[in-house]
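Encoded as structure tokens, the structure appears first; notes follow it.
Just so it is clear, none of the values below were taken in a lab; they were calculated from the coordinates. Remember, it's a predicted structure, so these values are computed and weren't measured experimentally. Note that we place each Cβ from the backbone using ideal geometry, even for glycine, and neighbour counts take in every protein chain shown.
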There are 2 protein chains.
Amino acid sequence: MTVKVKVAFDGTDFCGSQVQPDRRTVFGEFQKALQTVVSDADNIKACSRLDSGVHAKCFWFSFDTEKQLDLHKFPLSLNANLPHDIRVIESCKAEEGFHARYSAKGKEYTYYIKNNHIDDPFTSKYYYRCPQKLDADAMNEAAQYFVGTHDFRSFMARWSKIIDCHRTVYSAQVTRQDDMIIFKVCADGYLYNMVRIMVGTLIWAGTGRIRPQQVEEIINACHRSKAGPTVPPEGLFLTDVLY
Amino acid sequence: MTVKVKVAFDGTDFCGSQVQPDRRTVFGEFQKALQTVVSDADNIKACSRLDSGVHAKCFWFSFDTEKQLDLHKFPLSLNANLPHDIRVIESCKAEEGFHARYSAKGKEYTYYIKNNHIDDPFTSKYYYRCPQKLDADAMNEAAQYFVGTHDFRSFMARWSKIIDCHRTVYSAQVTRQDDMIIFKVCADGYLYNMVRIMVGTLIWAGTGRIRPQQVEEIINACHRSKAGPTVPPEGLFLTDVLY
């Protein structure tokens with residue numbers, strides 16, 4: 001049977017999600033725990049690569065096994081073998097041929113900006129703090145220019161060698177809840193650092209450094225130098241995967 | 001002038017709020033930072049003693065100084081000298097004779113119980129997890145018996161030597177938000193471990209081990225052995241101080 005497993009993790013102490021020798025990664029920790037509980041687990045796949053420090057409220061793995069697992073008890077057994085910063089939320093049987101990464105039709109990311117000059121002592125690992133006053137409405141207006149199919153080269157890390165930079169953004173939204181500015185974006189795929197550069201650019205719109213409409217010019221320029229800075233990873237969460 | 005300072009802190013890595021030699025305490029850290037910023041700060045008082053591991057979203061200090069402080073900038077200077085698990089939220093001038101502890105007319109505590117068999121990797125330091133299904137309505141009904149002036153001896157740590165155990169509970173309420181059960185209690189004062197023993201007893205009502213009405217008998221028994229267990233400190237927050 002092919003099994004899907006949904007996990008949440010605090011990315012603070014992980015060197016990203018992919019296996020890297022001698023580094024603590026989400027994939028490495030998950031694989032170790034899974035192989036303890038399901039000895040023949042094979043073809044283990046993750047839904048995405050995440051950068052160091054990025055968090056996930058919804059991250060899927062898939063794997064194959066010949067065993068008949070009790071999928072109700074399985075999350076508890078797996079959690080008993082996982083470190084506390086990764087928790088299995090649920091697991092279920094997947095259709096044959098399911099692949100956590102290639103079967104995904106889209107992913108939603110959420111970025112949290114605390115718009116305050118004082119940190120919160122309980123949640124400071126889970127947002128980027130911006131002390132300058134931000135206009136969430138202007139940021140939301142700016143975010144609408146991301147929607148659609150575009151060449152997002154301006155929003156890609158300089159070192160990336162990807163050639164086809166077209167991606168389709170299904171939706172993008174900026175809202176304010178008290179002193180927290182929340183950016184949600186859903187797309188069919190992402191370039192390296194794409195969401196973090198989008199947020200850096202939206203902050204420009206939020207402080208009035210650019211007009212919202214200028215986001216269109218920044219996209220069309222197809223050059224990293226035109227977009228805003230790459231904001232830190234700790235405000236970023238993978239929050240949904242569309243299958 | 002007498003100054004009031006409101007702080008929030010994550011109690012995880014503190015040995016309580018009071019000064020203790022060679023221990024990291026909230027008072028000790030605050031005092032050190034304050035004396036760096038306000039060299040003549042004197043008569044420093046805290047609103048409450050908190051046990052090790054208890055958190056605060058609202059905790060007040062008061063002190064006297066001969067200096068004229070810019071109270072708008074003062075929180076920022078103080079925060080620059082404090083560790084990240086204590087943050088100054090605001091400060092203001094207090095009336096003459098104000099004392100952070102003796103001027104308080106009451107305090108509100110909030111206790112968080114996560115009613116789930118799976119932990120949340122982001123907030124696990126800030127609740128007590130109870131996997132058995134809890135009936136929040138029964139717990140709320142039980143909590144109403146706390147309201148009023150009672151001898152709360154049944155809800156006091158065995159080792160405490162306090163003689164007058166009468167306290168007045170102004171309000172008590174249990175609500176559920178998804179898988180989180182939230183107990184809020186406001187009283188003129190508290191005995192050692194009082195809120196944590198109240199919560200242990202409310203959990204008995206939530207699982208059906210006692211009927212809500214039995215809380216009245218437990219109070220009247222005036223003996224620690226009749227009440228529920230002392231739940232752990234990490235779910236407890238001081239959330240308001242009434243002046």
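For chain B, the calculated P(r) over all alpha carbon pairs, in 5 Å bins from 0 to the bin holding the longest distance, is 1, 6, 13, 17, 17, 15, 12, 9, 6, 3, 1, 0 percent. When A:99, B:150 are arranged by Cβ crowding within 10 Å, least crowded first, meaning fewest neighbours, the order is A:99, B:150. Only lysines eight or more places from residue A:32 in sequence, or on another chain, were considered; those with a Cα closer than 21 Å are A:4, A:6, A:45, A:57, A:67, A:73, A:93.
Largest GNM mean-square fluctuation across B:199, B:54, B:19, computed for chain B with C-alpha springs under 10 Å, falls on B:19.
Considering only B:93, B:67, B:226, the Gaussian network model of chain B with Cα springs below 10 Å gives its largest mean-square fluctuation to B:67. Remark on residue B:94: its backbone amide H falls under 5 Å from those of B:2, B:3, B:4, a criterion applied only to residues 5 or more positions apart or on other chains, H modelled at 1.01 Å from N. Note on the range B:1-105: Cα convex hull, mean projected area over all directions, 6.2 nm². Note: relative contact order over chain A, using C-alpha pairs below 8 Å and six or more positions apart, is 24 percent. Counting other Cβ atoms within 10 Å as a rough exposure proxy, the listed residues A:120, B:22 run B:22, A:120 from fewest neighbours to most.
Normalised size of the range B:119-190, defined as Cα radius of gyration per 2.2 N^0.38 Å with N residues, equals 1.32. Compared with the rule-of-thumb size 2.2 N^0.38 Å for a compact globular protein, the range B:67-156 has a Cα radius of gyration ratio of 1.65. Structure remark: mean-square fluctuation, Gaussian network model of chain B, C-alpha springs under 10 Å; the largest value among B:208, B:11, B:97 belongs to B:97. Sorted from shortest to longest, the distances between the residue A:158 label points of this copy and the other copies are 6.7 nm, with each point 7 Å from Cα along the line through the beta carbon.
Between the C-alpha center of the range B:168-193 and that of the range B:113-137 there is a gap of 16 Å. Per residue, the convex hull spanned by the alpha carbons of the protein assembly as shown comes to 182 Å³. Label zone (residue A:147, point 7 Å along Cα-to-C-beta; backbone nitrogen cut-off 20 Å) within the range A:201-224: A:201-203, A:205-206, A:211-220.
Ignore the peptide's own chain and count Cβ atoms of other chains within 10 Å of each Cβ in B:122-131; give me the average, rounded.
Working: counts 13, 4, 4, 2, 2, 0, 0, 0, 0, 1.
Per-residue shielding by partner chains comes out at 3.
Between identical copies, the spacing of residue B:52 label points, each set 7 Å from Cα toward the C-beta atom, reads 3.4 nm from nearest to farthest. In degrees from 0 to 90, rounded to the nearest 10, what is the angle of the helix A:26-37 Cα long axis to the longest principal axis of chain A? Tilt relative to chain A: about 20 degrees.
Can you give the calculated 222 nm mean residue ellipticity of the protein assembly as shown, where each DSSP H run of n ≥ 4 adds -39,500 (n - 2.57) and the sum is split over every residue, rounded to the nearest 500 deg cm²/dmol? The partial results should precede the final answer.
On the way: 10 runs with 100 residues, N = 486.
Mean residue ellipticity at 222 nm (helix-derived): -6000 deg cm²/dmol.
Counting only other chain Cβ atoms within 10 Å of each residue's Cβ, the peptide A:113-121 averages 4.
The slack in the chain from residue A:242 to residue A:217, taken as 0.36 nm per residue of separation less the alpha-carbon distance, amounts to 6.0 nm. Extent of the range A:96-221 along its three principal axes (Cα atoms, max minus min coordinate, largest first): 47, 36, 26 Å.
Taking a straight Cα-Cα cut-off under 13 Å and skipping sequence neighbours fewer than 8 places away in the same chain, the aspartates and glutamates within cross-link reach of residue A:226 are A:216, A:217. Listed from fewest to most Cβ neighbours within 10 Å, the set A:139, A:156 follows the order A:156, A:139.
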